[in-house]
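Peer 1: Would you mind keeping the following structure in view while I ask a few things?
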Amino acid sequence: MKATKQPETDSHDRPQFLKARAIGRRFGVCPKTIFRLADAGKIHRHKWSARVVVFEVAEVEAFVAASRIGDTSNAAKNAATA
């Protein structure tokens, strides 16, 4: 039997999602802070089921970059307007 080769997919093409606890660990904040940011409309939450809520890593990274004080880079300005 001949094995079929699966098409290669680039994981960079798909957004990465993490739970609040993992996002909090990555950025050094409490998971409750992540939910507060979502409640305030600063980031979006994605509800996958009744008990699973995740956040897009790139969106949180953009928010953090745009929120840095004294950062005048174009990336931070563009993230703030997106």
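No value in this document is a laboratory result; all are computed from the given coordinates. Nothing here was measured: the structure is a model prediction, and the numbers come from that model. Backbone-built Cβ (ideal geometry, glycine too); neighbour counts: all protein chains shown.
Peer 1: When ranked by the protection proxy of mean other Cβ atoms within 10 Å per residue, highest first, what sequence do the peptides 52-62, 19-29, 38-48 form?
Peer 2: 52-62, 19-29, 38-48
Peer 1: Taking amide H positions as placed 1.01 Å from N in the peptide plane, with prolines and chain starts having none, which residues 5 or more places from Ile43, or on another chain, fall under 5 Å of its amide H?
Peer 2: Excluding prolines and chain starts, which carry no amide H, the hits are Ala38.
Peer 1: Here's something else I'd like to know. Taking the Cβ of each residue in Ser49, Ser67 as the centre, tally the other Cβ atoms inside 10 Å and list the residues starting with the fewest.
Peer 2: Placing the least packed residue first, the sequence is Ser49, Ser67.
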